[in-house]
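The values are calculated or read from the model by the stated rules, or taken from the named source; none is laboratory data. From a predicted model like this one, the values you see are computed outputs, not experimental measurements. Counting neighbours? That spans all protein chains shown, and the Cβs are built from the backbone with ideal geometry, glycine included.
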Amino acid sequence: MTHSAVPPSGTVQAPGPAAAAAVAGAAAIPASGHGDGHHGTHSEAHGPVPTGWRRWLNATSHKDIGTLYLLFSFAMFMVGGVFAMLIRLELLQPGLQILNPETYNQLVTMHGLVMVFGAIMPAFVGFANWMIPLQIGASDMAFARMNNFSFWLLFFAGLLLLGSFFTTGGAVAAGWTLYAPLTLQMGPGMDMAIFAIHLMGASSIMGAINIIVTILNMRAPGMTLMKMPLFCWSWLITAYLLIAVMPVLAGAITMTLTDRHFGTTFFNASGGGDPVLYQHIFWFFGHPEVYIMILPAFGIVSHVIPTFARKKLFGYSSMVYALAAIAILSFIVWAHHMFATGMPVTGQLFFMYATMLVAVPTAVKVFNWTATMWRGSMTFETPMLFAVGFIFVFSIGGLSGVMLSIAPLDLQYHDTYFVVAHFHYVLVAGSLFAMFAGYYYWVPKWTGVMYSERRGQWHFWTSIVSLNVTFFPMHFLGLAGMPRRYVDYAAQFTDFHALTSVAAIVFGFSQVYFLFAVLLPALRHRGAPAGARPWEGAEGLEWEVPSPAPMHTFVTPPRLDASATRVVA
């Protein structure tokens, strides 16, 4: 294993005496009280630490719950990946291969729902649970028991969603956006999906409240908001977005439920309803949801790049303001998904220019990351590779997004594979690459052992090459008129579909490689021991505590230096 970010002596740094004192009492504490709910002794919130399955069922430690979220997310990612592999195998050649049209539509729908609500969002919540208390010097999350409840609510919601496959008529097959009137004609699998999404939304709202209270009330003395790590900033803004828009989605799917079973006609044109109304409500949720899935990724990348460039992040305050600007603008751009619905020209102009405006704060972030790397003393360990890869592939997705924002052009691109390429570049290439960057960056802190650098690099290169070969040709398919969500296609699209399918399978196997070669050894604590600060350029309170971080960290509020990145005696 090679780790050129380890200090030149070849040894990793031990925590300083002040940091050691901040966590020293953890093992000796009777883990039975939480004191005043701020920086107490965890006694009330945690109780005697159980072992075995009871430890995980009754978990209240932010570290255990963060681990549960991450493992659940990876399991759902693999399930959604299996659905994607079946879809691509079907599209390998024209004609029907292994799926009938109804099953194909079910897989396309469930792939989207599982990946959005079961994989991407829970993964970032897992990162938040693990890292926010460590980064702000808090003893734990503010509401430990609610933290446990929100995870298990999500877990059972995931089972409910997947269980819809076993109902009469199978799973929902209306697309992940659940557009009316298709949803009014589905079997009971649709009802299960509605209830599952309700539970996932409730879990997200509870998690968001927990994060907001933790960040605003439990920061160590001396850590002002403008000294707070950017990952915490990204999640503070994301949490407000979640609280604002999850009830909107709940309203839309509840109206769908009443249309299905209680005689209302909100979205049923035969009774005076309007299916386009559903699209307005859904996308008022849906576009902020896109940023809910990408803002935490921005936060992660903003930690990884300064570490391996060995420079301070360029333009910290502008990064914070850019995050806030993106979040605010996300509420006024929803109808760019609806240019094809017959919108008046004035409406098209407003939403077109508002959407283009989002590119400005996003470009500020890309510029600042690039400026941070400029003339830095860079090394390219696996976290840095995934972070730089994130910037590259996310920028491609952003450029195609600007193309989609142009109303007259969108009439050509709408509901074609061009859109599929765009949002997969943003979410798969964007969110997923940032997650991997964060995993490789923080896993020494979580487990106390280093990953295999050689295996990590194999994972990166197979992923980025196969991902681009999978999704870039979809732009050409869309420009040629290939509509999305079709189980069959004309012969002229065969070559691109075959190339895309083969590359998608390679991408899937690269994630299986990650599971067996990287993740499982970490779970078994196999690898070279990691010190408190395994990366030479790492800054922040999480690097002030030992690796692995003890069960109870920062039992008393730490005293910080002027930069709020180091603990002082």
So if I check each of Phe155, Phe124, which one is surrounded by 24 or more Cβ atoms within 10 Å (Cβ to Cβ), among the aromatic types (Phe, Trp, Tyr) and not in a loop (DSSP other than H, G, I, E, B)? Phe124
Of the candidates Ser150, Ser139, the one satisfying the condition of being among the hydroxyl-bearing types (Ser, Thr, Tyr), outside any loop (DSSP other than H, G, I, E, B) and surrounded by 19 or more Cβ atoms within 10 Å (Cβ to Cβ) is Ser150
Matching residues in the range 130-189 (within 30 Å of Asp259 (Cβ to Cβ) and not aliphatic (A, V, I, L, M)) number 22
Right, Ala119: in contact (Cβ under 8 Å) with a residue 12 or more places away in the chain, in contact with a Ser or Thr (Cβ under 6 Å, 6 or more places away or on another chain), of a type in the set (A, V, I, L, M, F, W, C) and part of a helix (DSSP H, G or I) or not? yes
Matching option when the condition is touching a residue at least 60 places away in the same chain (Cβ under 8 Å), out of contact with any Ser or Thr (no Cβ under 7 Å at 6 or more places or on another chain) and closer than 30 Å to Leu178 by Cβ, among Ala490, Ala480: Ala490
Looking at Leu295, Leu329 in this structure, which one is touching a helix residue (DSSP H, G or I) at 6+ places or on another chain (Cβ under 6 Å), under 19 Å from Met228 (Cα atoms) and surrounded by 19 or more Cβ atoms within 10 Å (Cβ to Cβ)? Leu295
Check Met343, Met319 and return the single one that is outside any helix (DSSP H, G or I), among the aliphatic types (A, V, I, L, M) and either surrounded by fewer than 19 Cβ atoms within 10 Å (Cβ to Cβ) or in contact (Cβ under 8 Å) with a residue 40 or more places away in the chain (or both). Met343
Quick one: count up the residues across the range 550-563 that are aliphatic (A, V, I, L, M) and surrounded by fewer than 21 Cβ atoms within 10 Å (Cβ to Cβ). 2
Per-region count, the range 436-452, residues farther than 13 Å from Pro534 by Cα and either acidic (Asp, Glu) or in a helix (DSSP H, G or I) (or both): 4
Which of the residues belonging to the range 377-407 are crowded, with 21+ Cβ neighbours inside 10 Å and β-branched (Val, Ile, Thr)? Thr382, Val388, Val393
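Conditions tested, residue by residue: (1) within 30 Å of Leu89 (Cβ to Cβ); (2) crowded, with 19+ Cβ neighbours inside 10 Å; (3) among the basic types (Lys, Arg).
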residue	(1), (2), (3)
Phe507	yes, yes, no
Val518	yes, yes, no
Arg526	no, no, yes
Arg533	no, yes, yes
Glu536	no, no, no
Leu541	no, yes, no
Pro548	no, no, no
Condition check: touching a Pro at 6+ places or on another chain (Cβ under 9 Å) and without any contact (Cβ under 8 Å) to a residue 60 or more places away in the chain. Does Ile212 satisfy that? no
Does Ala354 satisfy the criteria of being hydrophobic (A, V, I, L, M, F, W, C) and modelled with pLDDT of 95 or more? yes
Considering Leu113, Leu96, Leu134, which residue is farther than 19 Å from Leu242 by Cβ and assigned to a helix (DSSP H, G or I)? Leu134
Of Gly80, Gly112, which residue is touching a residue at least 24 places away in the same chain (Cβ under 8 Å), surrounded by fewer than 24 Cβ atoms within 10 Å (Cβ to Cβ), touching a helix residue (DSSP H, G or I) at 6+ places or on another chain (Cβ under 6 Å) and of a type outside the set (Lys, Arg)? Gly80
Restricting attention to the range 262-292, which residues are among the aromatic types (Phe, Trp, Tyr), in contact with a Phe, Trp or Tyr (Cβ under 6 Å, 6 or more places away or on another chain) and in a helix (DSSP H, G or I)? Tyr278, Trp283, Phe284
Options Ala144, Ala138, Ala157, Ala173: the member that is in contact with a strand residue (DSSP E or B) (Cβ under 9 Å, 6 or more places away or on another chain) and among the aliphatic types (A, V, I, L, M): Ala144
Which listed residue, of Phe367, Phe386, is under 16 Å from the mean Cα position of the chain (by Cα), assigned to a helix (DSSP H, G or I) and of a type in the set (A, V, I, L, M, F, W, C): Phe386
Yes or no: the range 214-234 includes at least one residue that is over 30 Å from Lys63 (Cα atoms), in contact with a Phe, Trp or Tyr (Cβ under 7 Å, 6 or more places away or on another chain) and of a type outside the set (D, E, K, R). no
